[in-house]
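The values are calculated or read from the model by the stated rules, or taken from the named source; none is laboratory data. Just so you know, these numbers come straight off a predicted model, no measurement behind them. Cβ placement follows ideal geometry from the backbone for every residue including glycine, while neighbour counts extend to all protein chains displayed.
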Amino acid sequence: MSYDKAHYGREEVVEDPERGDVRCGHRRAAIVGTGPGREEAPYRENGWCVWALNEIRQPTFTRHWELHPRRVQSAHDLRALAAIRQPCYVLDPGEWGPGEVPNPVRYPLDRLRAAGMRRYFACTFAYQVALAVLEGFEELGLWGVQLHLGTPRERLLERRCVDYWLGYAEGRGLRVSQDSGLAWQPRLYGYDYDDELLDSRAEVRAFLQVEAEGR
């Protein structure tokens with residue numbers, strides 16, 4: 001996990017950790033998960049910042065998110081967090097001990113709400129998309145975030161939440177250049193009636209199978 005200042009050109013600097021202010025010179029944000037296609041993320045392309053989360057290791061990144069309480073962190077998690085020098089969003093910087101998160105930033109939920117954004121967040125990816133809107137990014141991409149192929153929670157709760165925020169981002173003028181297959185259906189309801197009906201039934205069967213297997 002590294003931050004190549006020579007490549008990115010502009011360091012992302014925490015200006016007010018309690019308010020959640022991070023100064024950033026980029027206009028394009030890449031949100032990267034663990035799924036297929038993550039290796040194609042613009043890790044070293046000029047103009048892009050790369051946002052990582054949780055215990056997911058990335059070749060390089062400029063900001064990190066750990067929006068789980070400290071009390072649920074394992075010893076492995078704590079060691080990984082202590083090694084992160086980039087700005088790291090947390091729920092409450094005060095709950096972390098000295099050095100446990102070297103560069104903590106309070107996630108600016110209050111500022112999102114003050115900006116009129118809906119109080120609807122089911123996963124970290126949704127918080128990341130919303131922050132990209134708040135900070136005025138011009139372009140957004142998601143790599144390796146195939147929530148529709150994940151656990152029952154990811155398929156049922158998290159996907160629809162990220163779908164909402166991607167639509168919100170586009171409505172606010174952001175270009176979503178890569179979506180990891182989210183906020184998208186291969187067939188149009190009504191117009192592609194027969195094929196859409198077959199696809200939807202197959203998707204429901206797959207979801208029920210995953211739920212039954214407890215994955």
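A few notes on this one:
- Checklist (1) within 15 Å of the chain's Cα centre (by Cα); (2) over 22 Å from R119 (Cβ atoms) applied to G190, failing item: (1)
- Of all residues making up segment 60-81, the number that are free of Cβ contacts under 8 Å to residues at least 40 places away in the same chain, crowded, with 22+ Cβ neighbours inside 10 Å and among the charged types (D, E, K, R): 1
- Screening G35 against (1) over 24 Å from G136 (Cα atoms); (2) in a strand (DSSP E or B) leaves a single unmet condition, (2).
- Sole exception among (1) crowded, with 19+ Cβ neighbours inside 10 Å; (2) touching a Pro at 6+ places or on another chain (Cβ under 9 Å) for L147, by number: (2)
- Segments classed as strands (runs of 3 or more DSSP E), wholly inside segment 47-147, with at least 3 members that are assigned by the TED database to the domain that holds G37 and under 13 Å from the mean Cα position of the chain (by Cα): 48-53, 63-65, 139-143
- Test: T151 is in the same structural domain as V50 (by the TED database), touching a Phe, Trp or Tyr at 6+ places or on another chain (Cβ under 7 Å) and of a type in the set (S, T, N, Q): no
- Considering residues of segment 178-215 that are polar (S, T, N, Q) and on the phi < 0 side of the Ramachandran plot only, the residue surrounded by the most Cβ atoms within 10 Å (Cβ to Cβ): Q178
- Inclusion of R155 among residues that are part of a loop (DSSP other than H, G, I, E, B) and either over 23 Å from V13 (Cα atoms) or free of Cβ contacts under 8 Å to residues at least 60 places away in the same chain (or both) is not warranted.
- Check on V162, touching a residue at least 24 places away in the same chain (Cβ under 8 Å), of a type in the set (V, I, T) and part of a loop (DSSP other than H, G, I, E, B): no
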